[in-house]
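Novice: Here's a structure for you.
The values are calculated or read from the model by the stated rules, or taken from the named source; none is laboratory data. The model shown is predicted, which means the values in this text are computed figures rather than measured ones. A quick note on method: Cβ atoms are made from the backbone with ideal geometry, for glycine too, and the neighbour counts reach across all protein chains shown. To get the accessible areas, we keep the full protein, side chains included, count just its heavy atoms, and leave off ligands, DNA and RNA. Shrake-Rupley method; radii C 1.70, N 1.55, O 1.52, S 1.80 Å.
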Amino acid sequence: MKVLVGVKRVIDYNVRPRVKADGSGVDLANVKMSMNPFDEIAVEEAVRLKEKGVASEIVVVSVGPAKAVDTLRTALAMGADRGILVQTDEPVEPLAVAKLFHAIAQEEAPGLVILGKQAIDDDSNQTGQMLAALWGRGQGTFASAVAIEGDAVTVTREVDGGLETLKLSLPAVVTTDLRLNEPRFASLPNIMKARSKPVATKAPADFGVDITPRLKTLSVAEPAPRKAGVKVESVDALVEKLKELGVA
Amino acid sequence: MKVLVWAEHDNAALKDATLSAVTAGGQLGEVTLLVAGAACAAVADAGAKVAGVSAVLLADDAVYGAGLAENVAPLVAGIMGEFDAFVAPATTTGKNIAPRVAALLDVMQISDILTVEGPKSFTRPIYAGNAIATVESSDAKLVITARATGFAKAAREGGSASVSPVSGSGDAGLSSFVSAQVAVSERPELTSAKVVVSGGRALKDAQTFADTLYPLADRLNAAVGASRAAVDAGFVPNDYQVGQTGKIVAPEVYIAVGISGAIQHLAGMKDSKTIIAINKDPDAPIMQVADLALTADLFTAVPELVSKLA
Ligand SMILES: Cc1cc2nc3c(=O)[nH]c(=O)nc-3n(C[C@H](O)[C@H](O)[C@H](O)COP(=O)(O)OP(=O)(O)OC[C@H]3O[C@@H](n4cnc5c(N)ncnc54)[C@H](O)[C@@H]3O)c2cc1C
């Protein structure tokens with residue numbers, strides 16, 4: 001079974017984002033960029049499926065600027081087999097990404113698509129669900145466990161009330177949550193090997209997908225700052241405060 | 001504008017998250033509530049009484065009982081022919097279903113809105129809430145998830161809507177429900193509690209977490225939350241996680257114990273009215289955002305606090 005995995009190049013999760021002075025967006029110049037952490041979990045899951053003999057080939061796809069090839073190389077170093085870069089410098093919304101993945105899924109005919117549940121830049125949490133809708137397949141979102149059994153996949157999902165387990169017929173779309181696995185670090189030999197793995201570069205137009213944004217960003221602002229707090233010197237002082245607040 | 005609002009429920013009771021979505025939808029236009037489930041007529045009756053709801057549609061069918069997105073999304077998309085906007089609460093249910101509806105309608109969803117700025121424009125947090133974007137949709141219809149902390153709850157009484165049945169295409173044949181592991185707790189629900197006590201990695205293990213924090217939560221009638229580190233380490237289940245990728249809370253009082261205050265955690269609680277932090281490191285980021293910061297070892301401070309609150 002072929003597994004298709006999506007990887008997005010985003011601001012590194014350790015970097016504190018800064019809003020540009022002109023309010024047009026977040027300043028990404030000279031900022032460390034990395035693979036979206038949920039996508040690392042997606043790649044790891046695919047590699048584990050391959051190690052178990054369930055997956056035969058792992059194809060990683062990134063939609064983004066030329067630099068996104070670095071993100072694909074990271075995935076290849078973790079164990080993916082080949083990459084597809086859908087190159088564009090334009091902002092691409094989840095709906096357009098889902099359409100591109102749908103086109104690729106039709107070409108590649110994977111048994112399973114694994115995406116991160118959200119990207120830590122726009123925090124949309126949409127692409128996997130949209131792909132599943134367009135492709136007419138089942139979706140196992142926010143997964144903390146994935147098990148392939150014959151022509152179905154059992155997905156345990158992290159939901160507000162606890163955990164929920166669903167069974168989906170394959171092919172299906174899974175989106176990862178934090179507890180699915182702990183992604184490996186690529187070893188140096190694997191990073192070297194990844195350099196010679198194939199990466200195909202395409203354009204959105206190659207798939208006939210119109211990526212014109214549907215949403216217009218009117219402005220981007222810093223959230224309202226909290227007013228400075230005070231130090232409390234003792235537990236007694238804290239008890240007083242809790243009483244003042246009417247909760248104790 | 002005609003607005004269809006998704007009712008969140010467990011086939012027996014209407015969840016609070018629905019009430020915030022009704023308020024968000026009401027700022028756009030006339031609200032019709034969709035109750036999709038199995039043997040859920042009681043939920044529709046409760047929905048009909050919510051202030052601001054002008055009609056209720058009830059899709060009562062076994063195929064909707066587990067809220068499977070594959071079955072529910074086509075139902076919603078079908079009904080959307082007569083509506084201009086679909087609003088779901090930004091819960092795990094809403095986040096699962098709404099994008100599937102949006103794609104079926106060829107609409108770009110607007111996730112997690114905080115405010116309604118105009119008929120097509122909204123604010124929403126991006127980059128873990130470190131920036132707030134104002135966006136305007138150019139789509140013919142709107143598909144939205146609304147963050148509960150951004151909208152007051154509509155009153156559960158005051159409405160008198162009529163309930164009419166609606167049906168969809170049934171089972172898509174793609175998915176089935178296997179099981180649920182639902183945590184039952186006597187404590188208030190995390191996203192609607194007045195007081196939240198949260199613990200982090202410093203709580204060591206599940207036993208220490210429970211022994212240290214539950215007595216404090218009991219004294220304050222508080223819900224219990226946690227950082228990702230505490231959930232990953234198995235101190236508490238996943239549904240306790242507060243943050244960018246967990247639950248968003250905004251209680252009257254949030255008490256962070258042994259939590260450093262990573263941006264991903266702050267994203268889930270920084271709209272709390274009063275933030276209290278107990279940490280042995282005075283320079284921890286949480287101590288900078290806290291209204292009240294106590295620099296102390298939690299293993300002495302928390303038991304002392306519990307005894308003095310008795
Ligand atoms: C993609 C992604 C998503 C994430 N989503 C979330 C999320 O939704 N929610 C979330 O919380 N995190 C999230 N994180 C993780 C986040 O980056 C931090 O790693 C995490 O919040 C740290 O948890 P912590 O504060 O409990 O642990 P630590 O950062 O280790 O902090 C422990 C704190 O305890 C204090 N301490 C230790 N001993 C004592 C003592 N005896 N008395 C008092 N204080 C003590 C220390 O001074 C320290 O400040 C995410 C990370 C990624 C990459």
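Novice: In the protein assembly as shown, what % of DSSP beta bridges are antiparallel (nearest 5)? Don't skip to the end; give the middle numbers.
Specialist: Numbers: 40 of 116 bridges.
Antiparallel bridges: around 35 percent, rounded to the nearest 5.
Novice: Taking a quarter of the surface of the convex hull around the Cα atoms of the protein assembly as shown, what do you get in nm²? Don't skip to the end; give the middle numbers.
Specialist: On the way: hull surface 98.6 nm².
Answer in nm², one decimal: 24.6.
Novice: With a Förster radius of 45 Å, plug the Cβ-Cβ distance of residue B:16 and residue B:138 into 1/(1 + (r/R0)^6) and report the FRET value to the nearest 0.05. Intermediate results must be reported in sequence, preceding the final value.
Specialist: Working: r = 33 Å, r/R0 = 0.73.
Taking R0 as 45 Å, the efficiency between residue B:16 and residue B:138 is 0.85.
Novice: Continuing with this model, one more query. Out of residues 5 or more away from residue A:26 or on other chains, whose amide H comes under 5 Å of its own, with H placed 1.01 Å from N in the peptide plane?
Specialist: Placed amide hydrogens put A:20 under 5 Å from residue A:26.
Novice: Now for a separate question. Report the relative contact order of the stretch B:40-121, percent, no decimals, based on alpha-carbon pairs under 8 angstrom and at least 6 residues apart. List each step's numbers first, then the result.
Specialist: Working: 41 pairs, mean separation 17.0, N = 82.
Value for the stretch B:40-121: 21 percent.
Novice: Placing +1 at every Lys and Arg Cβ and -1 at every Asp and Glu Cβ, with all other atoms neutral, what dipole size does the stretch A:1-93 have around its Cα centre, in debye to the nearest 20? Write down the numbers at each step before the final one.
Specialist: Working: 13 positive and 14 negative charges, 37 e Å.
Result for the stretch A:1-93 is approximately 180 debye, rounded to the nearest 20.
Novice: Given a Förster radius of 30 Å and the C-beta distance between residue B:218 and residue B:42 as r, what FRET efficiency does 1/(1 + (r/R0)^6) yield to the nearest 0.05? The partial results should precede the final answer.
Specialist: Numbers: r = 31 Å, r/R0 = 1.05.
Plugging the Cβ-Cβ distance into 1/(1 + (r/R0)^6) gives 0.45.
Novice: Using a basic spin-label model with each label point 7 Å from the Cα along Cα→Cβ, how many nm lie between residue A:70 and residue B:300?
Specialist: Each label point lies 7 Å from its Cα, and together they span 4.7 nm.
Novice: Note the direction-averaged projected area, equal to a quarter of the hull surface, for the Cα convex hull of chain A, in nm². Let's see the in-between values first.
Specialist: Details: hull surface 71.5 nm².
Computed as one quarter of the Cα hull surface, the answer is 17.9 nm².
Novice: Need the C-alpha centroid separation for the stretch A:64-133 versus the stretch B:109-171, integer Å.
Specialist: After rounding, the separation between the Cα centres reads 26 Å.
Novice: Could you work out how far apart the two model spin labels at residue A:190 and residue B:189 are, taking each label as a point 7 Å from the Cα in the direction of the beta carbon, and quote it in nm?
Specialist: 4.2 nm
Novice: Which percent of the accessible area of the stretch B:142-259 is formed by carbon and sulfur heavy atoms (probe 1.4 angstrom)?
Specialist: Numbers: 2460 of 5190 Å².
In the stretch B:142-259, the share of accessible area belonging to carbon and sulfur is 47 percent.
Novice: Another one. Per residue of A:151-157, count partner chain C-beta atoms within 10 Å of its C-beta, then hand back the mean as an integer. Please list the in-between numbers first.
Specialist: Details: counts 0, 2, 1, 2, 2, 3, 4.
Mean partner-chain Cβ count within 10 Å for A:151-157: 2.
Novice: Using a 1.4 angstrom probe and counting only protein chains, how large is the accessible area of residue B:87 in Å², to 10?
Specialist: 0 Å²
Novice: Rounded, prolate or oblate, given the Cα gyration tensor of the stretch A:51-144, with a/c below 1.5 counting as rounded? Provide the component values of the computation, followed by the final result.
Specialist: Values: a/c = 1.42, a/b = 1.05, b/c = 1.36.
Rounded shape, in that the Cα axes give a/c under 1.5.
Novice: Now a separate question. Taking the Cα-to-Cβ direction at residue B:281 and at residue A:52 and moving 7 Å from each Cα, how far apart do the two end points lie in nm?
Specialist: Between residue B:281 and residue A:52, the label points sit 3.6 nm apart.
Novice: Comparing the chain by itself with all protein chains present, which residues of the stretch A:18-36 are at least 30 Å² less accessible (probe 1.4 Å)?
Specialist: Relative to the lone chain, where solvent access is computed with a 1.4 Å probe, the stretch A:18-36 loses at least 30 Å² at A:26.
Novice: Mind checking the per residue accessible area of the protein assembly as shown for me, 1.4 Å probe, whole number of Å²? Show your work: numbers first, answer last.
Specialist: Values: 21720 Å² over 558 residues.
Per-residue accessible area for the protein assembly as shown comes out at 39 Å².
Novice: A further question follows. Whenever you get a sec, compute what percent of the accessible area on chain A sits on carbon and sulfur atoms (1.4 Å probe).
Specialist: Working: 5440 of 10610 Å².
Within chain A, the accessible surface is 51 percent carbon and sulfur.
Novice: Oh, and also: Heavy-atom accessible area of residue A:123 with all protein chains present, probe 1.4 Å, nearest 10 Å²?
Specialist: For residue A:123, the solvent-accessible surface is approximately 20 Å².
Novice: Then there is this: If each DSSP helix of 4+ residues adds -39,500 (n - 2.57) and the sum is divided by the residues in the protein assembly as shown, what number results at 222 nm, nearest 500 deg cm²/dmol? Before the final figure, lay out each step's value.
Specialist: Numbers: 15 runs with 150 residues, N = 558.
Counting only the DSSP helices, I get -8000 deg cm²/dmol.
Novice: I've got another one for you. Greater than 26 Å separation of Cα atoms is the criterion. Which listed pairs, A:202/B:141; B:95/B:280; A:20/B:141; A:117/B:2; A:99/B:95; A:32/B:273, meet it?
Specialist: Working: A:202/B:141 31 Å; B:95/B:280 37 Å; A:20/B:141 31 Å; A:117/B:2 30 Å; A:99/B:95 19 Å; A:32/B:273 33 Å.
Where the Cα-Cα span goes over 26 Å, the pairs concerned are A:202/B:141; B:95/B:280; A:20/B:141; A:117/B:2; A:32/B:273.
Novice: Whole Å is fine, so just give me how far the alpha carbon centre of the stretch A:141-195 lies from that of the stretch B:33-107.
Specialist: Here the answer is 27 Å between Cα centres.
Novice: Under the classification rounded if a/c is under 1.5, otherwise prolate if a/b is larger than b/c and oblate if not, where does the stretch A:82-191 fall, given a ≥ b ≥ c as square roots of the Cα gyration tensor eigenvalues? Show your work: numbers first, answer last.
Specialist: Working: a/c = 1.33, a/b = 1.18, b/c = 1.12.
Judged from the Cα gyration tensor, the stretch A:82-191 comes out rounded (a/c under 1.5).
Novice: Now for a separate question. Suppose every K and R has +1 on its Cβ and every D and E has -1 on its Cβ; what is the size of the dipole of the protein assembly as shown about the Cα centre, in Debye to the nearest 20?
Specialist: On the way: 53 positive and 64 negative charges, 179 e Å.
I would put it at about 860 debye.
Novice: So, counting K/R as plus one and D/E as minus one, what does the shell of residues with Cβ under 10 Å around residue B:115 add up to?
Specialist: Details: positive: B:124, B:147; negative: B:117.
It works out to a net charge of +1.
Novice: Projected onto the charge dipole of chain B (+1 at Lys/Arg Cβ, -1 at Asp/Glu Cβ, origin at the Cα centre), which of B:172, B:300, B:55 gives the Cα projection farthest towards the positive end?
Specialist: It is B:300, whose Cα lies furthest towards the positive end.
Novice: Taking every pair of distinct Cα atoms and averaging 1/r, then inverting, what Kirkwood hydrodynamic radius in Å comes out for the stretch A:133-248?
Specialist: Values: mean 1/r = 0.0476 Å⁻¹.
After inverting the mean inverse Cα-Cα distance, the result is 21.0 Å.
Novice: If you don't mind, another one. Could you compute the FRET efficiency for residue A:1 and residue A:89, with r as their C-beta to C-beta distance and R0 at 30 Å, rounded to 0.05? Intermediate values should be presented prior to the final figure.
Specialist: Values: r = 34 Å, r/R0 = 1.13.
After rounding, the FRET efficiency stands at 0.30.
Novice: Mind ordering A:38-47, B:25-34, B:39-48 by average Cβ neighbours within 10 Å, highest first? Could the numbers behind the result be given before it?
Specialist: Details: A:38-47: 26.5, B:25-34: 22.5, B:39-48: 20.1.
Those peptides, ordered most packed to least, come out A:38-47, B:25-34, B:39-48.
Novice: Given the peptides B:138-150, A:190-202, arrange them by the average over their residues of other C-beta atoms within 10 Å, most packed first. Can you show the working numbers first?
Specialist: Values: B:138-150: 22.1, A:190-202: 13.4.
Highest-to-lowest ranking by the protection proxy: B:138-150, A:190-202.
Novice: Kindly rank B:278-286, A:125-133, B:185-193, B:237-245 from highest to lowest mean number of other beta carbons found within 10 Å of each residue. Spell out each step's value before the answer.
Specialist: On the way: B:278-286: 18.6, A:125-133: 29.6, B:185-193: 16.6, B:237-245: 23.3.
In decreasing order of mean packing, B:278-286, A:125-133, B:185-193, B:237-245 become A:125-133, B:237-245, B:278-286, B:185-193.
Novice: Give me a comma-separated list of calculated 3J(HN,Hα) values for the stretch B:123-139, in order, Karplus coefficients 6.51, -1.76, 1.60 applied at θ = phi - 60°, integers in Hz, x for any Gly or Pro.
Specialist: Taking θ as phi minus 60°, the curve returns 9, 8, x, 10, 6, 6, x, 7, 8, 10, 9, 9, 10, 10, 8, 10, 6 Hz for the stretch B:123-139.
Novice: Further question on the same structure: Residue by residue through A:134-144, how many Cβ atoms from other chains fall within 10 Å of the Cβ on average?
Specialist: Other-chain Cβ atoms within 10 Å of each residue's Cβ, averaged: 4.
Novice: Evaluate the charge dipole of the stretch A:47-175 about its Cα centre and quote only its size in Debye, nearest 20, assuming +1 on the Cβ of each Lys and Arg and -1 on the Cβ of each Asp and Glu.
Specialist: Working: 11 positive and 17 negative charges, 72 e Å.
Dipole size: approximately 340 debye.
Novice: Could you report the accessible area of residue B:123 in Å², rounded to 10, computed with a 1.4 Å probe on the protein chains as they sit in the structure?
Specialist: It works out to around 20 Å².
Novice: Let me ask something else. For the stretch B:1-146, what Kirkwood radius comes out of the mean inverse Cα-Cα distance, in Å?
Specialist: Details: mean 1/r = 0.0668 Å⁻¹.
So the Kirkwood estimate lands at 15.0 Å.
Novice: Rounded to two decimal places and with Rh computed the Kirkwood way over Cα pairs, what is Rg over Rh for the stretch B:183-238? Numbers along the way, then the final one.
Specialist: Numbers: Rg = 10.4 Å, Rh = 11.2 Å.
Across the stretch B:183-238, the Cα-based Rg/Rh ratio is 0.93.
Novice: How many Å² of accessible surface get buried when B and A come together, counting both sides, probe radius 1.4 Å, rounded to the nearest 100?
Specialist: Numbers: alone 14460 and 13980 Å², together 21720 Å².
Looking at B and A, the buried total is near 6700 Å².
Novice: In peptide B:260-273, what is the residue-averaged number of other protein chain Cβ atoms found within 10 Å of each Cβ? Walk me through the intermediate numbers first.
Specialist: Working: counts 0, 0, 2, 6, 4, 0, 1, 3, 0, 0, 2, 3, 1, 1.
Per residue, the average neighbour count from other chains is 2.
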